[in-house]
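We did not get these values from a lab; they are worked out from the coordinates using the rules stated. Bear in mind the structure is a predicted one, so any value in this text is a computation, not a measurement. Ideal geometry is used to build each Cβ from the backbone, glycine not excepted, and the neighbour counts take in all protein chains shown.
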Ligand code: MF3
Ligand code: CO
Ligand code: CO
C-alpha cells in the first residue's frame with residue numbers, strides 16, 4: 001500500500017516513506033529553486049572546454065549558488081564535500097570534482113542541486129569538451145530522448161512503472177544498458193525522498209501518479225552493459241565494462257493535466273551542442 005501525504009504549509013517533513021503531495025506554495029518554491037539550478041547549468045555550458053579542471057567548474061557553481069542566496073545541497077551531504085557532481089566519460093554519476101583537466105573529446109555530466117528557501121532544484125545535463133566522437137554524441141542524444149520520453153509518461157493516473165518502461169524501451173532499441181543501481185527520487189523540502197524512480201521496468205506497475213507529486217527523472221544510459229561499480233572513494237560510480245555513460249536529470253511535478261518541468265533551461269540550452 002502506497003501512502004500519500006498532503007504538504008500544505010511550512011510543516012516539517014520526514015523521510016517516512018510517504019509520497020508527498022504539494023500545493024501552490026511548493027510549486028512556487030520549486031520553480032525558483034529549479035530555475036536557479038537550470039541557470040547555473042546554462043553558465044556551465046560557457047565554462048566547459050579542454051584544459052579546464054572539474055574543480056574550477058565546481059568552485060564557480062558554488063559561488064553562483066551562494067550569490068543567489070542558495071546553498072549546495074550536496075555540500076556535507078552524507079560526507080560529500082563538493083557543490084556538484086561531475087562525471088566524465090565512463091563515470092556514470094557522483095564523479096568528484098578535482099584537479100583533473102578536461103580533454104578534447106570528453107563527454108561529461110554536471111549535476112547541481114541548489115537548496116533555495118527550503119526547496120531543492122536537482123538537475124543535470126551532458127556537456128562536450130571540444131568535439132567528441134560520433135558514437136558518444138549519439139549516446140548523449142538518445143539519453144536525452146530517454147529522459148524526455150520518461151517525462152511524457154509522467155501524468156496523473158499513470159503508474160510510476162510507466163516512466164521506467166518508456167525509458168527502457170527506447171534505450172533497448174539502440175542496445176544501450178540502463179543503469180539500475182541509481183534512481184530518480186522524490187524531492188522538495190527533502191533532497192532524496194520517496195518514491196524511488198527506477199529507469200527501467202514494467203508499465204502499469206507501481207504507485208499511481210497524482211497531482212502535487214515532485215520527483216526527478218535522471219536516466220543513466222551506458223553504451224555497453226548496464227553494470228556499475230563504485231570506486232574506493234565511496235562515490236564515483238563507473239561502468240564495469242569501461243563503456244561511456246550519459247545522464248540527464250530534470251525535477252518535475254505531476255499536475256492536473258500532465259506535468260511541469262521545474263528545471264528547463266531559460267535559454268533553451270537543455271542539451272548539447274550549446275554553441
Ligand atoms: N544530485 C544527485 C542526484 O541526482 C545526488 C548527488 S548526492 C552527492 O540525486 F552527494 F553525491 F552529491
Ligand atoms: Co537527483
Ligand atoms: Co542530481
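Summary of computed values
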| quantity | calculated |
| --- | --- |
| Residues of region 70-86 classified as crowded, with 21+ Cβ neighbours inside 10 Å, within 13 Å of ligand 2 (Cβ to nearest atom) and not in a loop (DSSP other than H, G, I, E, B), total | 1 |
| Residue selected from region 51-92 under the condition at positive phi and touching a strand residue (DSSP E or B) at 6+ places or on another chain (Cβ under 9 Å), by the criterion farthest from ligand 1 (Cβ to nearest atom) | 51 |
| Output for region 94-109, where each listed residue is within 13 Å of ligand 2 (Cβ to nearest atom) and crowded, with 24+ Cβ neighbours inside 10 Å | 109 |
| Tally of residues being assigned to a loop (DSSP other than H, G, I, E, B), in contact (Cβ under 8 Å) with a residue 60 or more places away in the chain and over 14 Å from the mean Cα position of the chain (by Cα) across region 198-233 | 7 |
| Selected residue [buried (at least 23 other Cβ atoms within 10 Å of the Cβ) and farther than 20 Å from residue 81 by Cα] from 123, 113, 143 | 143 |
| Any hit, region 190-197, residues being more than 16 Å from ligand 3 (Cβ to nearest atom) and out of contact with any helix residue (DSSP H, G or I) (no Cβ under 8 Å at 6 or more places or on another chain) | yes |
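Every residue, every condition in (1) surrounded by fewer than 21 Cβ atoms within 10 Å (Cβ to Cβ); (2) within 14 Å of ligand 2 (Cβ to nearest atom), yes or no:
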position: 157; (1), (2): yes, no
position: 160; (1), (2): no, no
position: 173; (1), (2): yes, no
position: 199; (1), (2): no, yes
position: 210; (1), (2): yes, no
position: 217; (1), (2): no, yes
position: 225; (1), (2): yes, no
